[in-house]
Structures are given as structure tokens and as C-alpha cells.
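Heads up: the structure comes next, in C-alpha cells.
The numbers here are math on the coordinates, done by the rules we state, and not lab data. Quick caveat, the model's predicted, so the values are computed rather than measured. Note: ideal-geometry Cβ built from the backbone for every residue, glycine included; neighbour counts use all protein chains shown.
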Amino acid sequence: MSSIAFESVFKRYGEVDAVRELNLACAAGEMLALLGPSGCGKSTTLKMAAGIESVSSGEIWFGDKPVSRLAPGERNIAMVFEDYALYPNMTVWENVGFPLKVRGITGQPASQRIGEVLQLLGLRQMADQPVRGLSGGAMQRVSIGRALVRDPEVILFDEPLSHLDADQKVQLRAEIKRLQKLRQVTSILVTHDQTEAIAMADRVAVMNHGVLQQVGAPQDLYERPANLFVANFIGEPPMNLMKAAYAGNRIVGEGWEVTLGTARRARLADGAIVAGIRPEHVKVLPPDGAGDAGGAARGVITYREPRGDADVLTVALDAAGGTGGRLVAEIAGPTSWRAGDKVSVGLDVDRLLVFDAVSEKNLEVAP
Amino acid sequence: MNAPMKAPSRLSTHAGLIARGISKSFSSKGQPHKVLAEIGIEVKPGELLALTGPSGAGKSTFCRILAGLERPDAGSVELGGRALAEVPAGQRGVALMFESYALYPHLTVRGNALSPLQAPGGRLAPAEANRRVDEVLELLEIRHLHERLPGALSGGQKQRVALARLLVQSPALYLLDEPISHLDAKLRHKLRGEIRRRLSGLTVPTIWATPDGMEALSVGDRVAVIDQGRLEQIGTPEEIWLRPASARVAKLLGDPPMNLIDGELTREDGAIVFVRRDVSLTLTGALARAAERASGAAATLGVRPDAIGFVAPDAVGKASGAVPAEVYSNEPFGKHAIVTIDLGNLLAKVKTSMAGAAALGADGGIGRGIGFTFPGEGMVLFDGATGRALSGD
């Protein structure tokens, strides 16, 4: 197993920086996710690690070995692709065994390795079937088997779940995570799906426009996003982000207001801010119940989405001279709230995040 | 006299949609294959019925029959008080949107959205038509794209154009077949709200078909679940969630859905026990009464993911009632975590707190032993032969 480090890596296409000054490390045995919208540079980064794309400047390290000048075949990496890239006429066994065959590993040592990997992936029963005609989930398992069979130093997963239907996605997501943890194989996962990234990875690197926005454990990104981009990208339903003004110890928005505790005042200066709060940290109460919940506002439910064990409520806040902002609350359900109900809304002030309105940075997270 | 001699229906009638006894078979490899079996559904004016079921359940065939694109083998459809059997598709007043966008490639976004308003019979004054199109493009956040051709749009944008083309119409029935399934989660949430808001002011029935049971719960005033051409259950989202009528309904709902454990009912010392390999549970109260109504020994126990608990492996035993198991995977989602537990050839999903999942140890405790405990509530018993929920009332 090897660690991977990107040191001041740039990728330029003419005038455009696809990846700009990337400094990022993935420890040995770790799974690191590269997360971002299409065009953010995550796939380019993966391809540079694989050696499929060259590095414009900077260096990539596998352990203490610089690899940016090495051909893909000299890097001892394995890739798992979104479209599986299997040989459709070969059997499951032959596909998984292919990397061994091209390296001249045959006979008993090969059979033993292939058998072991098929066992691990629950593919034993279908070893002799051609991969054509298998479900997407089974094909992706075969492709993971092909990656694992030769004990690579690093596995690079490129959107491995994006072609699967919902059930298979949920199943394989749990399974890839399990394999990665049991085998402790250093892995980089590229995905545009925040759910996949935070569920599967030890740490997540969020990218946008070729620039690394934040890297951290999933829970850090969820609770302490470094800027508005990360705050909005992670979490479902997304975080409420509301324009407001901070003055003294109070935050005043369109139709709501909260007071911060003394500990936080020292970190903040008066000015225009964006306040962020996750839907599960918004309480919805009867209209007269504001006082005891640190109630911030009153409003009307405009939309209720029952989600089984939770209700997602959209509340239009009352404001002087009309309607204020909208807030989305996620509360344990099913509830008896309905669209049109008047409510008061409580905000969990300790969970409320404060972003600078101009720089969009979280003012309470060290850069 | 030449007046129609048809007697008025004796059954209830209203200005919405009434489908009765709809059956349809297709021939497959020379064999008749039943796609729909006596589906009866009513949708009142202004009501949104979400129609859900796994792919291949018959949802699309049902929609095509309502639209007049297929003929049912049996059954009748009434819309706005009028029987539709002899009414051709173009004259039914059904605004239809299928999952495939079917946009006119040579028309701009605006041209596509305007097209239903320029058709014979639906023609509107240009100023009024443009006003309506602008309003809908605005709602769907694609107004800035109005001069683009479909070829220059992303999949999600095309889907919104198709949706705009639907929403500009004033039909007798809105029929949406997987209208937002190509969009990402954030946009889906937003559009569900916007579409609902737009439709809620109207007095037209809407059917929204989707394979995603959670989407059905989210958008429907009522939800109809069909599976293998049969109507499994119809009710409010709360009724469907709290009292799924069958295991087939239960497995469509929830994130993750209810765990369904196939096993057998046996009697031990007068008590009814649910057994599956090493796992056994003595049934009490409503579950025991439900078990008395089973048609045979086979039964499926449904256990809600947020009801399951777990204990340290050394606490496994008679006293705790915990069953030995292994942590298969552990996925944190920020507000909660999903832990997958291996009960021996059976994976159960548990929804728990972030702290609870973190307490399983380094690397999520994956591969380590654990004790699995059945909850005191949050369980449903299904008949093994029919799959129907057994009532314990």
C-alpha cells in the first residue's frame, strides 16, 4: 500500500487551468473522495494520478516515489470505470483473471487469487457466465474484482456507481466501502454525488473550477463547511442560506432574528453576512410557541413533503411589509402540519453558521 | 330521436378521473402476458395521485391507456364526466409528459413550450400564449435559455422544457410519467415544490407516475402502488407509510426501506415464534395476533431501519435478546448514519445516530462482531404466501 500526494499540481489546457495548484494527500490505506460538479477538475486529477493525463507542473508522489514521468503501466494502479470496461464475451472468471494473464501469472497461483476475489465479491456462482447480460451491479463487481486481483498499490474509482439503478447503488456503495476497509487498499473515489462521497470516504476533497475548496472528514465538511460552495454542495435537503446583517451580538435577516452567545462574538465583526442552517436544525412550532425555542420568526408553511420518517416543510417567513425569506425544515414525521398552517420557527443558534457575504468564507473556520 | 341512448352511470361520478376495472394483456412469445389486472382508480379535481411501483409494474401502460395511446382489454375511463372509450387521444384533453423529452429539435425552448398552445383546438392569442410560456419558463428557471435549441441543452434542461410544454396547457387531466427522474436530488426537491404549487391552484386531476416510492410519498395527495399489474394499495402518504398493505409496498418506501426477513412461524410452549436460521423472535401483542391469521407457516417480518438497535458483542445472549451478527458496512450521512448488519446471508440496514455509528469503532467497525436486537415496535408481519400485511387489530 502506498500513500499518494499531489504537490502544487497544475493542469493547463491553453489558457485554462483545469486544476490549479493542487496540494492534497491520501494516506496509505485511506479512501479519499474527490467531489464536485462536472468540470471542477476532479476527473482530470484522477487521470493525472493514473498517468492518462500529463501534469503541466508540480509532482505526484506514490509514497516517496515521484511518478509524474512514469507511464500508466509503471505506476501499479488499478482503475474502476463508470462503464465497467469489461470484455463482454469473456466469462466473469476470465475478466477478473485478465490482469494476471497479461502479467504472465497462470496456473495454481492465478486460480487461487481469482477464486479468492470472486468469493469476496459474491461472484462465485456466476464465475463461468459471460459478463454480457449481467446486471450493472454484477458487472461493476466484476470490474472491482479485476482491480483487486493483482493487489495494486492504489485503486482509482471513477464514478463507479453512476450507471447503476437506485437499489444497486445503495447495495454496492456499502460493499465498496466494506472491501476498501477490509483490504485497506489506498483508494481515490471520483464522484459528483455528495451522498456517495460522504458515505464512502474517510476524507472528502471538494473541488470547484479546478480549485480545492476544502478537504476533511465527512462530518467536518457537513458541520463546518469552509465556504458557501461547500455548504450548499453537501447535505440533502441543502442547507438554508440566508442573507443577513450581523451587528453587535445579533443577526438580523428577512423576517427573522437571533442572538449569538458571547463566545462567538469575539470571532465576528459587524457586516453583511450569509447565515447557514441545516434543515434538521430548524424547529417548527405552533404560532404561539416561539419563546421557549429561541424562536426566531413566524411564518406560513407553503409546502410539505412527507418523507416517511421525516417531513420536509418549506416555511415562508413573515416580514415587515410582506413575505421574508424561505426556510426549509426537516422534522421527525409523519406530522399533522399542512400547507397553509401558521407556525413559529426556532433556529438552533449553536448550529447556525456565519459566512462573509463578499468572500463567501465561513468566518469561524480557520482557513 | 337520435339522442345517445347510453344510460348514465349508476356509480359515483365527478369532474375528475374515474378508471374502473382496467385490464390489459400483451402477447409475449405467443403467450398472453397480463400487464394490468382490474385497476380501479379515482382522482378528484385538483387532486394529485402519485402512481408508483417497480419498473415493469404496469404504470406506463396504465398512463398510455388513460391518454388513449393504448386500448384496454376491459374497463372504462371517465374524465370530466365523459366516457373516453370512443374518444381519440387528441381529443381527450390529456396533457401528457413522458420521460423521453420528445422535443422538436428545430424549435427553440420558447417554440417548444409554445407548441401545444398553437395546436388546433388549443390555440391562444399570441400575447396570452407568450405570457403563459414566460410564467412557466420562469417557474422552471429556464427563461434565460428561451432562444436556445434543444441540441444546446443538458439532459436536465431538456426535461424542464418538456415539463414547461406540459404546464402551459389547460387540460382536463395532467399525466406525468417520471417527469423529473433525470434531474439531480437538489433540483428534484425544488421542482417537486414548484410543480405542486403550480398544480395546487387548479381544479384538474393529476397523475404523477414514478418508480421512486419516496418521490411518490413526497408529491402525492394520495399514493397508489401497483406491482405486477395489480393495485397493491391506495391511500394518503401517511397511511401507506404507517400501514403498508404488503411486503411489495413496504420495500418501495423508506431510505433505506424496511428490512424484510423471510422466515417461518412455529409454536414453542404455546407462544408463536418467528424463526429464520439462527434468528428467532417470540411474538407478542399485535404481532402474535397477526401471526394467528397467517395462511401457513411462511411469513416475512418487516423491521423498520430506525427501530433496530445493537449492543456490544459481549452482551449477546438470552438476557439482552441480542443475536450475534457482524458489521458489514457503516455509512455516515451527516445527520444520521446507515449501518449494514450481516445476520448470516441476510443484510439488514439500520438507521442510527452519527454518534451511535461512530461508537462501533475505527473504520466504522466494519468486519467486527455486534449484537443485533429486535425493537419493541416498528415491526410488521406479512403473510409468506400472499405477501399481504397481517393485521394484529
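Setting aside same-chain residues fewer than 8 positions from B:K24, which lysines have a Cα under 26 Å from its Cα?
Filter leaves B:K6, B:K34, B:K44, B:K59, B:K251.
Could you tell me the center-to-center distance, by alpha carbons, between the range A:119-154 and the range B:110-141 in angstrom?
Computed from Cα coordinates, the inter-centre distance equals 51 Å.
Averaged over B:185-192, how many beta carbons belonging to a partner chain fall within 10 Å of each residue's beta carbon? The partial results should precede the final answer.
Working: counts 6, 7, 0, 1, 7, 3, 0, 3.
The per-residue average across the peptide is 3.
Between B:E38 and A:E223, what's the calculated FRET efficiency when r is the beta-carbon distance and R0 is 60 Å? Round to 0.05.
Values: r = 52 Å, r/R0 = 0.87.
The pair B:E38/A:E223 has a calculated efficiency of 0.70.
Which of these, B:R293, B:R222, B:R243, has the largest mean-square fluctuation under a Gaussian network model of chain B (Cα springs below 10 Å)?
Most flexible of the set in this elastic network: B:R293.
Across the range B:43-54, in residue order, what do the Karplus-derived ³J(HN,Hα) couplings come to in whole Hz, using 6.51 cos²θ - 1.76 cosθ + 1.60 with θ = phi - 60° and x for Gly and Pro?
For the range B:43-54, the Karplus-derived couplings read 10, 7, x, x, 9, 10, 9, 8, 10, 10, x, x Hz, x marking Gly and Pro.
How would you order A:132-140, B:168-176 from highest to lowest mean count of nearby Cβ atoms within 10 Å?
Values: A:132-140: 17.3, B:168-176: 21.4.
Going by the mean number of other Cβ atoms within 10 Å, highest first, we get B:168-176, A:132-140.
Provide a whole-number value for the mean count of partner chain Cβ atoms within 10 Å of the Cβ atoms in peptide A:298-306. Display every interim value, and only then the final one.
On the way: counts 0, 0, 0, 0, 3, 7, 4, 10, 11.
Partner Cβ neighbours, averaged per residue: 4.
Work out the mean other chain Cβ neighbour count within 10 Å for the residues of B:333-340 and drop it here as an integer. Before the final figure, lay out the partial values.
Numbers: counts 9, 14, 9, 3, 2, 4, 1, 7.
Per residue, the average neighbour count from other chains is 6.
Could you work out [θ]222 nm for chain A from helices alone, using -39500 (n - 2.57) per DSSP H run of at least four and dividing by all its residues? Round to the nearest 500 deg cm²/dmol. Present the calculation step by step, with values, prior to reporting the outcome.
Working: 9 runs with 88 residues, N = 367.
Roughly -7000 deg cm²/dmol at 222 nm, from the helical runs in chain A.
Between A:L189 and residues 5 or more places away or on another chain, which pairs have amide H atoms under 5 Å apart, with H built 1.01 Å from N, and which residues are they?
A:L32, A:A33, A:L34, A:F157
Under the Karplus relation 6.51 cos²θ - 1.76 cosθ + 1.60, θ = phi - 60°, what is the ordered set of whole-Hz ³J(HN,Hα) values for the range A:19-27, x standing for Gly and Pro?
For the range A:19-27, the Karplus-derived couplings read 9, 10, 6, 8, 10, 7, 10, 10, 6 Hz, x marking Gly and Pro.
Using θ = phi - 60° and the Karplus form 6.51 cos²θ - 1.76 cosθ + 1.60, what ³J(HN,Hα) does each residue of the range B:156-165 get, whole Hz, x for Gly and Pro?
x, 5, 4, 4, 6, 5, 4, 5, 4, 4
With everything on Cα atoms, drop me the angle between helix B:185-200 and the longest principal axis of chain B, reported from 0 to 90° to the nearest 10.
50
Starting from the amide H of A:T302, placed 1.01 Å from N in the peptide plane, find each other amide H under 5 Å away whose residue is 5 or more places distant or on another chain.
Here A:T314, A:V315, A:A316, A:G340 satisfy the definition.
Express in whole angstrom the spacing between the alpha-carbon centres of the range B:12-49 and the range B:219-233.
The two parts, judged by their Cα centres, are 11 Å apart.
Going by the alpha-carbon gyration tensor, a ≥ b ≥ c the square roots of its eigenvalues, is the protein assembly as shown rounded (a/c under 1.5) or, if a/c is not under 1.5, prolate (a/b greater than b/c) versus oblate? Spell out each step's value before the answer.
Numbers: a/c = 1.37, a/b = 1.18, b/c = 1.16.
Judged from the Cα gyration tensor, the protein assembly as shown comes out rounded (a/c under 1.5).
What shape does the range A:250-324 have by the C-alpha gyration tensor, where a ≥ b ≥ c are the square roots of the eigenvalues, rounded means a/c under 1.5, and otherwise prolate means a/b greater than b/c and oblate the rest? Before the final figure, lay out each step's value.
Details: a/c = 1.93, a/b = 1.58, b/c = 1.22.
Judged from the Cα gyration tensor, the range A:250-324 comes out prolate (a/c at least 1.5, a/b above b/c).
Once amide H atoms are built 1.01 Å from N in the peptide plane, which residues 5 or more positions from B:S181, or in another chain, come under 5 Å H to H?
Those qualifying (amide H under 5 Å, at least 5 residues apart or on another chain) number zero.
Determine the percent antiparallel among the DSSP beta bridges restricted to chain A, to the nearest 5.
Values: 66 of 84 bridges.
Counting DSSP beta bridges with both partners in chain A, the antiparallel share is about 80 percent.
Going by alpha carbons, how many degrees (0 to 90, nearest 10) lie between the helix axis of B:109-118 and the longest principal axis of chain B?
60
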